[in-house]
1. Run the paramagnetic zone check for A:Val29: 7 angstrom along Cα to Cβ, then residues of segment A:93-109 with backbone nitrogen under 11 Å.
2. What is the local net charge at A:Arg60, summed over the other residues whose Cβ is closer than 11 Å to its Cβ (Lys, Arg +1; Asp, Glu -1)?
3. Quick one: among A:Arg37, A:Arg77, A:Arg28, which has the greatest mean-square fluctuation in a GNM of chain A with alpha-carbon springs under 10 angstrom?
4. Can you give me the orientation-averaged projected area of the convex hull built on the Cα atoms of chain B, in nm²?
5. Using all alpha carbons of segment A:1-93, what is the percent of pairwise distances in each 10 Å bin, ordered from the shortest bin to the longest?
6. With just the Cα atoms of the protein assembly as shown, tell me how far they stretch along each of the three principal axes, in Å, largest first.
Amino acid sequence: QKEVEQNSGPLSVPEGAIASLNCTYSDRVSQSFFWYRQYSGKSPELIMSIYSNGDKEDGRFTAQLNKASQYVSLLIRDSQPSDSATYLCATVGFQKLVFGTGTRLLVSP
Amino acid sequence: EAQVTQNPRYLITVTGKKLTVTCSQNMNHEYMSWYRQDPGLGLRQIYYSMNVEVTDKGDVPEGYKVSRKEKRNFPLILESPSPNQTSLYFCASSPQSGNQPQHFGDGTRLSIL
């Protein structure tokens with residue numbers, strides 16, 4: 001069974017700072033990774049996908065993948081209070097996504 | 001607008017009373033799946049479907065049934081609900097398989113008393 005581990009947080013950062021969210025996974029053959037954002041009581045929303053080692057940038061978001069160390073991270077630059085949410089890391093399993101339990105991010109004004 | 005629609009959004013019911021949560025997607029996706037989300041346990045897959053009339057168990061299928069008679073619809077059936085099925089449920093879909101990013105519905109919060 002593939003596992004994805006995340007620190008539950010909360011991770012507190014001031015507005016304008018960089019938020020760094022981390023995720024480790026146990027299955028070395030995992031190829032695809034996703035970051036979902038979930039506001040309280042709402043559905044998960046895909047914000048980033050990453051498939052190869054290195055960095056992938058999209059606006060204020062940067063996903064980083066290091067397969068040798070089996071970790072994935074998400075950087076949020078210029079954090080805004082509206083970024084306050086739970087961030088879920090996921091990889092693919094057999095015909096499903098395997099999710100971590102999420103890291104709660106709090107961005108204070 | 002591309003979307004996955006679940007109904008009802010909220011339901012409070014009693015043990016043993018059969019219920020169905022509907023899920024419909026308008027993206028012509030082949031793959032659909034049901035997850036439940038519980039505090040500390042994250043999202044866990046209940047059942048999935050690769051296409052019409054093709055369904056299979058996920059990690060926590062006990063107490064649930066599904067059907068896929070049409071491509072767009074994937075209802076979740078609780079024949080005899082119990083309190084341990086109180087949870088937040090999400091339906092999701094993706095174009096072809098469970099190995100792709102999935103698009104989630106808005107969720108259904110079920111309380112079984």
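1. A:94
2. Spelling it out: positives minus negatives among the neighbours equals -3.
3. Among A:Arg37, A:Arg77, A:Arg28, the largest mean-square fluctuation in the Gaussian network model of chain A belongs to A:Arg28.
4. Computed as one quarter of the Cα hull surface, the answer is 6.4 nm².
5. Values per bin, smallest distances first: 16, 52, 28, 4.
6. 50, 35, 35
We did not get these values from a lab; they are worked out from the coordinates using the rules stated. As the structure is a prediction and not an experimental result, all values here were calculated from the model. With ideal geometry, Cβ positions are generated from the backbone for all residues, glycine too; neighbour counts draw on all protein chains shown.
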